[in-house]
Amino acid sequence: MVLLLIIGTALLIVNRLLKVLPLLLEFHVDLLRVLGVLGWLVPSLLLYALPIASWVGWLVGYGRLGSDGELSALASVGASPMQALRPALISGLALTIVALWLAESAYGPGRRQFQIELGALARESAVGALQPGTVAALSDELWVIVPPDPAGGGPVLIREPDLVLSLGSAKPATDGAALAFADASGFLRSATEPTWIGFEHGRVRLDLPMETPAAGAREMRLHELAGSTRLSWQVEFHQRLALVFSLLIAPLAAFVVAPRRTRSGGRGVAMLVALLGFVAYYGLFTAGKQAALKGWLPAWAGMWSGNLALLLVAGGALLRRLRRPGLP
């Protein structure tokens, strides 16, 4: 389980790394710095990796016990299936508590800090890469175009929320993140009427403080999402809870579907069953989420569909096993 948890989280981090790859290639940002920023996503990624990692761990464990005849030996001395299931239920409860803490206290704040750190890194990289012949998009509302030969003049344009400047010549300042320019003209957009202005010489700072990005559903704490009437917030709320409480259902399902009396390849069969179960559960989970976001299903029904299906299958199989006398 621990091995799958590490591999699964690492793969999810690599997936996010591919999305910021242009930042690495364009501005030559240090990889360790980017990985440090991505570290803020680990709590949210763990919430997705925990169910599959624990599912595989329980399934392989019970599959090995079944294929080696250990479950039959337990039954022969009067141990009930519930006694064999008890260790997985206890560990599942412990993991559920951990996952609930992640969903409430670490998931949203971690993603929010990731957005802040990534924005600051992108802006810092853009300013550091401000060279002749480049375009620096420093934020949604501030960008700078520097011509190939700033000293010789050319179309340099600066756009801020309240100011637009066209510069006759400009070059990056040597004493900080700024642009020194000459022969500028432009207008102020914040005035009642556009006011034209002109400068012989000037300086524009480019390391303006970053605005904190607005928090979306993924950046909220679990209790902040509770009771919201927004569809996306409801889906996010039930999605986190469904992932958390799947850790209580997964050991039950693993116990009843683990292979029994397999003379050889017990671990391989268990891994195959684990893979099929993973595909089925996350297929229902993803389909339910899309149905909820499109309004076809209530948010709770869409996000809990995978858990309910797993519980029905596992609960029915366990009841049949409890009613059937004899060895497994």
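The values are calculated or read from the model by the stated rules, or taken from the named source; none is laboratory data. Keep in mind the model is a prediction, meaning the values are calculated, not measured. Because the Cβ atoms are built from the backbone with ideal geometry, glycine has one as well, and the counts that use them run over all protein chains shown.
Quick check on region 176-215: of everything there that is of a type in the set (G, A, S) and under 30 Å from R112 (Cα atoms), which residue is modelled with the lowest pLDDT? Steps first, please.
Pass one, region 176-215, residues of a type in the set (G, A, S): 176-178, 180, 182, 184-186, 190-191, 198, 202, 214-215.
Those left that are additionally under 30 Å from R112 (Cα atoms): 176-178, 214-215.
Values: G176: 60, A177: 65, A178: 70, A214: 67, A215: 72.
Among those that are of a type in the set (G, A, S) and under 30 Å from R112 (Cα atoms), it is G176.
Scanning region 260-319 for residues that are hydroxyl-bearing (S, T, Y) and modelled with pLDDT of 80 or more, which turns out surrounded by the fewest Cβ atoms within 10 Å (Cβ to Cβ)?
Within region 260-319, the first condition is being hydroxyl-bearing (S, T, Y), and the residues that meet it are 262, 264, 281-282, 286, 305.
In the following step, the residues that additionally are modelled with pLDDT of 80 or more were identified as 281-282, 286, 305.
On the way: Y281: 22, Y282: 14, T286: 11, S305: 20.
For region 260-319, the residue satisfying everything is T286.
Taking the options L275, L308, name whichever one is assigned to a helix (DSSP H, G or I), closer than 15 Å to L59 by Cα and without any contact (Cβ under 8 Å) to a residue 24 or more places away in the chain. Outline the logic, then answer.
Numbers: L308 fails: closer than 15 Å to L59 by Cα.
Unique residue meeting the criteria: L275.
Can you tell me which of (1) surrounded by 20 or more Cβ atoms within 10 Å (Cβ to Cβ); (2) at pLDDT below 85 is the one A75 doesn't meet?
A75 satisfies all of (1) surrounded by 20 or more Cβ atoms within 10 Å (Cβ to Cβ); (2) at pLDDT below 85 except (1).
Kindly establish whether V34 is more than 22 Å from F278 (Cα to Cα), β-branched (V, I, T) and crowded, with 18+ Cβ neighbours inside 10 Å. Working first, answer last.
Numbers: more than 22 Å from F278 (Cα to Cα): yes; β-branched (V, I, T): yes; crowded, with 18+ Cβ neighbours inside 10 Å: yes.
Yes; evaluated as a whole, the condition is true for this residue.
For region 283-303, which positions are under 20 Å from the mean Cα position of the chain (by Cα) and touching a residue at least 60 places away in the same chain (Cβ under 8 Å)?
Hits for region 283-303 are A292, L293, A299, G302, M303.
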